[in-house]
Structure formats: structure tokens, C-alpha cells
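S.K.: The structure follows.
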Amino acid sequence: MVLGAGANSVLPVLRRLVRFGLGGKMGDGRQYVSWIHEEDFCHVVQWLLEHEEISGPVNLAAPNPLPNTEMMRVLRELCGMGFGLPAARWMLEVGAVVFGGRKRS
């Protein structure tokens with residue numbers, strides 16, 4: 001996931017969840033989250049455009065993915081929230097069905 005402050009980034013959504021007290025682990029929390037900051041993403045894309053000798057798929061991510069539990073703990077800390085209610089698997093599945101097909105503008 002690309003973390004940035006823009007309206008179409010996942011970070012404002014996660015920050016809102018945390019501020020509403022819903023920033024706990026998602027599912028069992030053990031799944032690793034690969035992420036990259038938006039500025040790093042843009043720098044890497046620019047670098048790739050300048051190096052035409054590179055071809056094929058390229059993964060862009062920070063060097064150390066975090067378990068979901070840890071990522072949410074860091075977000076809660078940054079938002080000044082001492083707790084976050086966890087989201088059970090069934091809640092995530094319902095959310096994926098309800099919000100998964102929604103198009104962003």
C-alpha cells in the first residue's frame with residue numbers, strides 16, 4: 001500500500017478508523033503489510049523511467065513489512081489513541097462486500 005496524505009490514499013482511511021477507536025488488529029493481525037511512502041514511490045518510479053534497461057515486474061515497498069498488529073499499533077500511537085477495537089474476520093469480509101465495489105473519484 002502507498003501511504004500518503006492524499007484523499008485517495010489508504011492512510012486517511014486508516015487514520016479515521018483509529019480516531020473512531022477502530023484501530024485494532026485486523027483479523028488475526030499476523031498478516032504482513034507491505035507499504036511504501038508516496039514520496040519514495042514517486043522517486044522510484046522516476047528512477048525506473050530513467051533506466052530503460054530494467055524490464056519486467058518491479059516490486060516497490062519499504063524494506064521491512066510490518067505485521068498488521070504492529071502497523072495498527074504505530075498508527076494508534078501517532079494518532080494519540082491508546083486503544084483500538086479489533087476487526088474480526090467476518091467484519092472484514094462484510095466490509096469487503098459492502099465497500100469493495102465502490103469506485104473512487
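S.K.: Given +1 on the Cβ of Lys and Arg, -1 on the Cβ of Asp and Glu, and no further charges, what dipole in debye does the chain carry about its Cα centre, rounded to the nearest 20? It would help to have the intermediate numbers written out before the result.
M.R.: Working: 11 positive and 10 negative charges, 172 e Å.
It comes to approximately 820 debye.
S.K.: Right, here's the next one. Please list, in order along the range 58-65, the HN-Hα scalar couplings obtained from phi with the Karplus expression 6.51 cos²θ - 1.76 cosθ + 1.60 (θ = phi - 60°), rounded to whole Hz, x for Gly and Pro.
M.R.: Running phi through 6.51 cos²θ - 1.76 cosθ + 1.60 with θ = phi - 60° gives 9, 8, 10, 6, 4, x, 10, x Hz.
S.K.: Determine the per residue accessible area of the chain with all protein chains present and a 1.4 angstrom probe, expressed in square angstrom. If you can, show how the numbers build up before the last one.
M.R.: Numbers: 7850 Å² over 105 residues.
Computed with neighbouring chains in place, this is 75 Å² per residue.
S.K.: At a Förster radius of 25 Å, what calculated FRET efficiency corresponds to the Cβ-Cβ distance of Asn59 and Leu92, to the nearest 0.05?
M.R.: Numbers: r = 24 Å, r/R0 = 0.97.
It comes to 0.55.
S.K.: Still on this model: Which percent of the accessible heavy-atom area of the range 56-104 goes to carbon and sulfur, probe 1.4 angstrom? Display every interim value, and only then the final one.
M.R.: On the way: 2390 of 3850 Å².
With neighbouring chains kept in place, the figure for the range 56-104 is 62 percent.
S.K.: Please build a GNM for the chain, connecting alpha carbons under 10 Å apart, and tell me which residue among Gly21, Gly82, Gly95 fluctuates the most.
M.R.: Looking only at Gly21, Gly82, Gly95, the largest GNM fluctuation is found for Gly95.
The values are calculated or read from the model by the stated rules, or taken from the named source; none is laboratory data. Please read all numbers here as calculations on a predicted model, not as lab measurements. When we count neighbours, we look across all protein chains shown, and the Cβ atoms used for this are built from the backbone with ideal geometry, even at glycine. Side chains included, ligands, DNA and RNA excluded: accessible areas come from the protein's heavy atoms. Shrake-Rupley method; radii C 1.70, N 1.55, O 1.52, S 1.80 Å.
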